[in-house]
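Trainee: Next up is a structure, given as structure tokens.
The values are calculated or read from the model by the stated rules, or taken from the named source; none is laboratory data. Everything numeric here is computed off the predicted structure, so don't read it as measured data. As a convention, Cβ positions derive from the backbone with ideal geometry for all residues, glycine included, and neighbour counts pool all protein chains shown.
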């Protein structure tokens, strides 16, 4: 009985393979014909700046499945915000610059584009959410001293709260702006991610299919009300 | 406290901050920093307050406090990106030692007084000085950080109502050579192109311009262009290796002042290879030469007037024969093959070329000449006034163009034209409602001469607004001691104590940037408006309103008859009535409020991206399908000037064997009075240092961090060495940034200037270097 | 990394006991919040190995719900 099933499977597999080879052959022949569709004039594709990184490089998504224990995360939301003057400010470089004569570029991106474990710092590298910008040291500056020149009393507002899901178990919305943060997985996926906000499913690439951006520019907030001619019923 | 204890308390403080952000309202016995709820946060647009790029920012405002910054995605300048200064700019409003009261010096001590009392004193001292010593014993010195209304009101008060041309701005130290360069070549100030050139060019040539640090947002746009277009090349011409050299495809180092010879050699090589645009030259260019051996202005009351002699193309070519690549290799240290390479870039008809420069060419004893010579390269090839092709002079201050150049706050300028021109004086007198005789037909004191006059006693009253000359003047000691002499009355309007407020007789606290309404004009002729977003602290008052208050106290109030609520739109209306002309039409107040920025000329509300080209510029007239029209000069041509190479004012010798170069770093802006009060920026670069070449350091036995003594003929200074940090000077050169008021490098610099522009050269003098 | 600061979140209702337990560990000092179930923990250890050992002991405390690192200074920085 078991054997019969096995033979049946082999037979099916063989038949499928044969048809595949046939289709492949057809395709190869097809591809040798000259293309008849003229290439469109190469026009720069208008880019939506806030959306451009959403589908960035899904090829490595499988690697993000590998998750170290969240309790061992070397980045927490507390340290994330502590390092920034306000939510959205560029953080300074917390380690010695490998080459201060460099403008950033490949030197910084060799670690911060893809991430990974750095033995020297005993830490998982945070991944930049905006790897297209190359002049890194324009915004991220080093730290040579700890004091202040004359003291400062700047205050900021609290960063957005996490876990604002409207229903138990429903996908939480994106509570922050997306400017310069178009690659979600930089902060939310992989071992270099921030502990509390690490996604449980980073291999799913189309984040905004489920997570709506509440902080979208132009969003007016408040509840939807339908304007009714002659007043509300 | 030991370092260990200090770090423990810092770690604890960080945790308190983090806790208060994550758990609203949390309290600890050790004290709790306040953070505000994000409820009701609003975002308002403004240009950045620092350099001349003019990035659009969105400022987050909550409960009368600025709490966050975003790049404005709607701004055509920066498209949502800023630099570290812009992102942290609002923190500069909240330094603990912010000036919120007026001070008056009494028996050597600065005593706080109500601001009304201080303004009374300023008005009475100004009147008294004019009565005793004449109008020209008084003056005002502002800057390219003046908003357009500030500069316009200063000019109207001093040039129109009082009647002295002693109105100057620190932009004289910053871009006067750019102005004279534009005027001598094109007859009209400011660039023909715009930042959008970056998105079209194939080759970028940077002349003495460390753009990666000084104009980083534009540099990033250039890197982005190269990333998407592999053929794009960036060439860095400089006297020092910088982050820009590192990022460039080619770095070419030359000896100071040899850029004059280098530009001529490129021209020579292009002509020799026939890489020039003959039709363009025949139709749109004329050839000229001026005086040579023009001096350096180091003596008081130095005078110079250039002379124009028309020459032919052949005469021009003949004069260039002194500048073959091989001869220039000896002067400049640049290999002849590199000069030929540069000529091939400029000369290739298939390549669009943009040249960028800023202080390297402006702070130059032959600043006007080098501008002329770089324009020549674009004119010889016709690569100008089209998308992706053109010379572009960058500016260092947010409104060097808008206020100083357009509203006319240099001694010889008026809001439209020059004081020497009768028609311009009549126009100003009519709009200002003053007798035309009030406006003097002779220019007054230019910046260096203004401080010399203060030292000599020819100038008795000086009002300094938004600038810090006691850090920025070259040969500083003379001017500091001069300003302190008996019988001089110095008023300083500022937001923080500085070495300049140290010499003040009256300090007026100023409202800063978004604490008042205003406009700036950036490098690409773009005017940008912001509304008042915050209440100024204490008695602080905008510079415009301080001037108006003093005018009223002097009985000149009828010229400034506005209310606080309407004064900015009224000033804008009056100022722009100087420019109802297709060559300079400015945007309406309404358009400025509604847009991140508007470029002039904008007749009929339409911006002009490329001037002198009829396809884009309604003021240009197309002849037989040729759209180029250099309408600034009476012959409707751009002028190619032959200018020779001449040496710097002071060169290294046996006694002072090193070149001293000065400049900025990305973190600090100018004298650091704002950026040093931003913790992240101060931590990044806490003090000035001297950069040395590693070979020189080894010869002198100097290691990284060692104390080094620099001595020039003017003064001496001890500061730490930095070897192979972010820059590397050539052998025999040193570099020092000027932001640090505790390490005043301008004690050593020389007050030599370009005789045409009167702009000092901060990039070249001779020093000794030794281990301290 | 011998000087570190953390935010420590106790399991609901176990704040006081957690504070006591943490304060009893070598090199630990604790600052409980006055109005929340949250405390600040500063650890100061002589070298990397003892820091690692301490961290293991912290994570084993049953009253601790979560530990978030805020700031850290390595021994070389303290110097």
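Trainee: Select from region B:733-750 the residues that are farther than 17 Å from residue B:468 by Cβ and under 18 Å from the mean Cα position of the chain (by Cα) and list them in ascending order.
Mentor: Result: no residue meets the conditions.
Trainee: To continue, here is another question. Mind checking whether some residue in region B:307-320 is within 30 Å of residue B:456 (Cβ to Cβ), at pLDDT 95 or above and surrounded by fewer than 24 Cβ atoms within 10 Å (Cβ to Cβ)? Step through it out loud before you land on a result.
Mentor: Going residue by residue through region B:307-320, those that are within 30 Å of residue B:456 (Cβ to Cβ) are B:307.
This time we only want the ones that are at pLDDT 95 or above, so: B:307.
If we keep only those that are surrounded by fewer than 24 Cβ atoms within 10 Å (Cβ to Cβ) too, we end up with B:307.
Looking for residues that are within 30 Å of residue B:456 (Cβ to Cβ), at pLDDT 95 or above and surrounded by fewer than 24 Cβ atoms within 10 Å (Cβ to Cβ), one finds at least one in region B:307-320, hence yes.
Trainee: What about residue B:373, is it in contact (Cβ under 8 Å) with a residue 24 or more places away in the chain and in contact with a strand residue (DSSP E or B) (Cβ under 7 Å, 6 or more places away or on another chain)?
Mentor: It is false that residue B:373 is in contact (Cβ under 8 Å) with a residue 24 or more places away in the chain and in contact with a strand residue (DSSP E or B) (Cβ under 7 Å, 6 or more places away or on another chain).
Trainee: Please return the ranges of helices (runs of 4 or more DSSP H) entirely within region B:173-285 where 2 or more residues are on the phi < 0 side of the Ramachandran plot, surrounded by fewer than 24 Cβ atoms within 10 Å (Cβ to Cβ) and away from chain A (no Cβ under 14 Å).
Mentor: On the way: elements: B:176-186, B:211-214, B:216-228, B:243-247, B:259-272, B:278-284.
In region B:173-285, B:176-186, B:259-272, B:278-284 are the helices (runs of 4 or more DSSP H) which contain 2 or more residues that are on the phi < 0 side of the Ramachandran plot, surrounded by fewer than 24 Cβ atoms within 10 Å (Cβ to Cβ) and away from chain A (no Cβ under 14 Å).
Trainee: Is at least one residue of region B:589-601 touching a helix residue (DSSP H, G or I) at 6+ places or on another chain (Cβ under 6 Å) and outside any strand (DSSP E or B)?
Mentor: Within region B:589-601 (the criterion being touching a helix residue (DSSP H, G or I) at 6+ places or on another chain (Cβ under 6 Å) and outside any strand (DSSP E or B)), the answer is yes, since at least one residue qualifies.
Trainee: State all residues of region B:674-701 that are buried (at least 18 other Cβ atoms within 10 Å of the Cβ) and more than 11 Å from chain A (Cβ to nearest Cβ); if no residue qualifies, say none.
Mentor: Scanning region B:674-701 gives B:688, B:690, B:692, B:693, B:696, B:697.
Trainee: Considering only region A:117-125, I want to know if a residue exists there that is within 22 Å of the chain's Cα centre (by Cα) and buried (at least 20 other Cβ atoms within 10 Å of the Cβ).
Mentor: Taking every residue of region A:117-125 in turn, none turns out to be within 22 Å of the chain's Cα centre (by Cα) and buried (at least 20 other Cβ atoms within 10 Å of the Cβ).
Trainee: Okay, moving on. Let me spell it out: the conditions are (1) surrounded by 18 or more Cβ atoms within 10 Å (Cβ to Cβ); (2) over 28 Å from the mean Cα position of the chain (by Cα); (3) farther than 23 Å from residue A:148 by Cβ, and residue B:58 meets all of them except one. Which number is the exception?
Mentor: If we test residue B:58 against (1) surrounded by 18 or more Cβ atoms within 10 Å (Cβ to Cβ); (2) over 28 Å from the mean Cα position of the chain (by Cα); (3) farther than 23 Å from residue A:148 by Cβ, just (2) comes out false.
Trainee: Sticking with this one: Restricting the search to region B:705-721, which residues are more than 30 Å from residue B:479 (Cβ to Cβ) and either buried (at least 17 other Cβ atoms within 10 Å of the Cβ) or more than 32 Å from the chain's Cα centre (by Cα) (or both)?
Mentor: Once the filter is applied, which keeps residues that are more than 30 Å from residue B:479 (Cβ to Cβ) and either buried (at least 17 other Cβ atoms within 10 Å of the Cβ) or more than 32 Å from the chain's Cα centre (by Cα) (or both), region B:705-721 yields only B:706.
Trainee: Keeping to region B:602-618, report how many residues are more than 16 Å from residue B:186 (Cβ to Cβ) and not in a loop (DSSP other than H, G, I, E, B).
Mentor: Residues flagged as more than 16 Å from residue B:186 (Cβ to Cβ) and not in a loop (DSSP other than H, G, I, E, B) within region B:602-618 amount to 3.
Trainee: Return only the number of the condition from (1) out of contact with any helix residue (DSSP H, G or I) (no Cβ under 8 Å at 6 or more places or on another chain); (2) touching a residue at least 24 places away in the same chain (Cβ under 8 Å); (3) more than 7 Å from chain A (Cβ to nearest Cβ) that residue B:41 does not satisfy.
Mentor: Failed condition: (3).
Trainee: Could you check residue B:83 against (1) in contact (Cβ under 8 Å) with a residue 12 or more places away in the chain; (2) within 7 Å of another protein chain (Cβ to nearest Cβ); (3) in contact with a strand residue (DSSP E or B) (Cβ under 8 Å, 6 or more places away or on another chain) and say which number it fails?
Mentor: Here residue B:83 meets the rest and fails (3).
Trainee: Here are some residues: B:115, B:140, B:148. Which one is within 25 Å of residue B:498 (Cα to Cα) and surrounded by fewer than 21 Cβ atoms within 10 Å (Cβ to Cβ)? Before you say what the answer is, go through the steps one by one.
Mentor: On the way: B:140 fails: surrounded by fewer than 21 Cβ atoms within 10 Å (Cβ to Cβ); B:148 fails: surrounded by fewer than 21 Cβ atoms within 10 Å (Cβ to Cβ).
Selected residue: B:115, the only one of B:115, B:140, B:148 that is within 25 Å of residue B:498 (Cα to Cα) and surrounded by fewer than 21 Cβ atoms within 10 Å (Cβ to Cβ).
Trainee: Within the group C:10, C:2, C:32, which residue is without any contact (Cβ under 8 Å) to a residue 24 or more places away in the chain and within 13 Å of the chain's Cα centre (by Cα)?
Mentor: Numbers: C:10 fails: without any contact (Cβ under 8 Å) to a residue 24 or more places away in the chain; C:2 fails: without any contact (Cβ under 8 Å) to a residue 24 or more places away in the chain.
Just a single option satisfies the conditions, and that option is C:32.
Trainee: Restricting attention to region B:153-166, does a residue exist that is buried (at least 22 other Cβ atoms within 10 Å of the Cβ) and closer than 30 Å to residue B:61 by Cα?
Mentor: yes
Trainee: In region A:151-193, which residues are outside any loop (DSSP other than H, G, I, E, B) and more than 9 Å from every other protein chain (Cβ to nearest Cβ)?
Mentor: From region A:151-193, those outside any loop (DSSP other than H, G, I, E, B) are A:152, A:157, A:174, A:185-188; that's our starting set.
Hits for region A:151-193 are A:174, A:185, A:186, A:187, A:188.
Trainee: Right, next: With the checklist (1) within 10 Å of chain B (Cβ to nearest Cβ); (2) over 29 Å from residue B:23 (Cβ atoms); (3) out of contact with any strand residue (DSSP E or B) (no Cβ under 6 Å at 6 or more places or on another chain) in hand, flag the one item residue A:115 doesn't pass.
Mentor: (1)
Trainee: Is it the case, given these coordinates, that residue A:196 is assigned to a loop (DSSP other than H, G, I, E, B), more than 28 Å from residue B:212 (Cα to Cα) and either modelled with pLDDT of 80 or more or within 11 Å of chain B (Cβ to nearest Cβ) (or both)?
Mentor: Taking the combined requirement at face value, the residue does not satisfy it.
Trainee: Sticking with this structure for a sec: Among the residues of region C:24-63, write down those that are within 14 Å of chain B (Cβ to nearest Cβ) and more than 14 Å from residue B:15 (Cα to Cα).
Mentor: Within region C:24-63, C:27, C:28, C:34, C:35, C:36, C:37, C:44, C:45, C:46, C:47, C:51 qualify.
Trainee: Across region B:19-33, which residue is modelled with the highest pLDDT among those that are in contact with a helix residue (DSSP H, G or I) (Cβ under 8 Å, 6 or more places away or on another chain) and facing another protein chain (nearest Cβ under 8 Å)?
Mentor: Step one: filter region B:19-33 for residues in contact with a helix residue (DSSP H, G or I) (Cβ under 8 Å, 6 or more places away or on another chain), giving B:19, B:21-22, B:26, B:28, B:30-33.
Keeping just the survivors that are facing another protein chain (nearest Cβ under 8 Å) gives B:19, B:21-22, B:26, B:28, B:30, B:33.
Numbers: B:19: 84, B:21: 76, B:22: 78, B:26: 80, B:28: 80, B:30: 61, B:33: 52.
Looking at the filtered set, the residue picked out is B:19.
Trainee: Would you check which residues across region B:153-172 are part of a helix (DSSP H, G or I) and over 18 Å from the mean Cα position of the chain (by Cα) and list them?
Mentor: B:153, B:154, B:155, B:156, B:157, B:158, B:159, B:160, B:161, B:162
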